[in-house]
Amino acid sequence: MAARIGILGIAGRMGTLLAEESTKAGATVSGGTRRSGEAGPYRVFPNTASLCAESDVVIDFTRAEAVEAHLAAAVAAKRPLVLGTSGLSVAQEAAVAEAAKQIPIVYAANFAPGVNLLFALAERMAAALPAEQYDAEIVEMHHRQKVDAPSGTAVALGRAVARGRCTTLEEAGTESGRDGHTGPRRTGAIGFAALRGGQVVGEHTLLFAAGTEQIALTHRSFDRRVYATGAVRAALWLLGQPAGLYDMKHVLGMA
Ligand SMILES: NC(=O)C1=CN([C@@H]2O[C@H](COP(=O)(O)OP(=O)(O)OC[C@H]3O[C@@H](n4cnc5c(N)ncnc54)[C@H](OP(=O)(O)O)[C@@H]3O)[C@@H](O)[C@H]2O)C=CC1
Ligand SMILES: O=C(O)C1=N[C@H](C(=O)O)C[C@H](O)C1
């Protein structure tokens, strides 16, 4: 029998594509949740619990404030969860880790394969380039509707740089949204700049800037379907996994 995929926020930008990509992958869309908007031909469930009950795996690309309730429902129903929602607080990320002790979860900042390669490259480059000489700056641009900044992908890139430097983002320190009399840049800090405008799907550039040279790595998504294809792949992969916290590198065999 085809796997039944449930989609939280099925009427959203990602929700719509997740439903299409699930069908293309040979799965059945059990339906989804929505508060407003068109769910297309799909069944709309009144809450997450009833969606989980009729799904083998659930995908969440919604809003950070909804994540804890979605985790609780998935745990209660013992359903694997693919989580793509960005902008989670420290407490919300802790709730993800806690839930993953009971169900398998893929939580990924970005489901595009190229971005996951970028994470690996960022870590290697940061390990090779001394933090005292090479300032790491991350610039991202997204569509005007995006509600969180910096993007989840930018934060994940920052974490990869910190890992390469054998530290954490918190220890390294960040400089975000500089404005006014900021003083000089702190050595070793990781910088973030977020641009918003138009319908840019997603662009991320990681810069290592030194006194006499600069290296830049850029990823551009031309179509957000790339995230939907990756998330559906993760959902099908999760069906065979024990409880645990996974990300896209596990799904892609890059771990
Ligand atoms: N990890 C990745 O690769 C990617 C992650 N994302 C992330 O996915 C999320 C969604 O993005 P996008 O599809 O563009 O956003 P949209 O605003 O288009 O869709 C969000 C969906 O979430 C639902 N929603 C909003 N608030 C709540 C709530 N409190 N409880 C339940 N459902 C809610 C909305 O429902 P309704 O329409 O009924 O209001 C809507 O269907 C964002 O966090 C984004 O950053 C996006 C792309 C890739
Ligand atoms: O909101 C988006 O659109 C995206 N969000 C994710 C993020 O915050 O990194 C992934 C991608 O960049 C698109």
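Okay, helix-only estimate at 222 nm for the chain: each DSSP H run of n ≥ 4 adds -39500 (n - 2.57), divide by all residues, round to 500 deg cm²/dmol; what do you get?
Helix-only estimate at 222 nm: -10500 deg cm²/dmol.
Note down the Stokes-Einstein diffusion coefficient of the chain in µm²/s, whole number, using a Kirkwood radius over alpha carbon pairs, 4 °C, and 1.567 mPa s.
Estimated via Stokes-Einstein, D reaches 68 µm²/s.
What list of ³J(HN,Hα) values in whole Hz, one per residue of the stretch 152-161 in order, does the Karplus curve 6.51 cos²θ - 1.76 cosθ + 1.60 (θ = phi - 60°) give from phi, with Gly and Pro shown as x?
x, 5, 4, 5, 5, 5, x, 5, 5, 4
Using only the Cα atoms of the stretch 161-255, what semi-axes does the equivalent ellipsoid have when each is the square root of 5 times a gyration tensor eigenvalue? Give whole Å, largest first.
Whole-Å semi-axes of the equivalent ellipsoid: 32, 20, 13.
Kindly express, to the nearest 10 degrees and within the range 0 to 90, the angle between helix 90-99's C-alpha long axis and the longest C-alpha principal axis of the chain.
Between helix and principal axis, roughly 40 degrees.
Which three extents, in angstrom, do the Cα atoms of the stretch 27-150 have along their principal axes, listed largest first?
55, 35, 28
Take the alpha-carbon centre of the stretch 1-51, take the same for the stretch 163-212, and report the distance between them in whole Å.
Computed from Cα coordinates, the inter-centre distance equals 36 Å.
If you only keep lysine pairs separated by 8 or more in sequence, or across chains, how many in the chain come under 26 Å at the Cα atoms?
Here the count comes out as 6.
No lab work stands behind these numbers, since they all come straight from the coordinates. These numbers come from a predicted model, not from an experiment.
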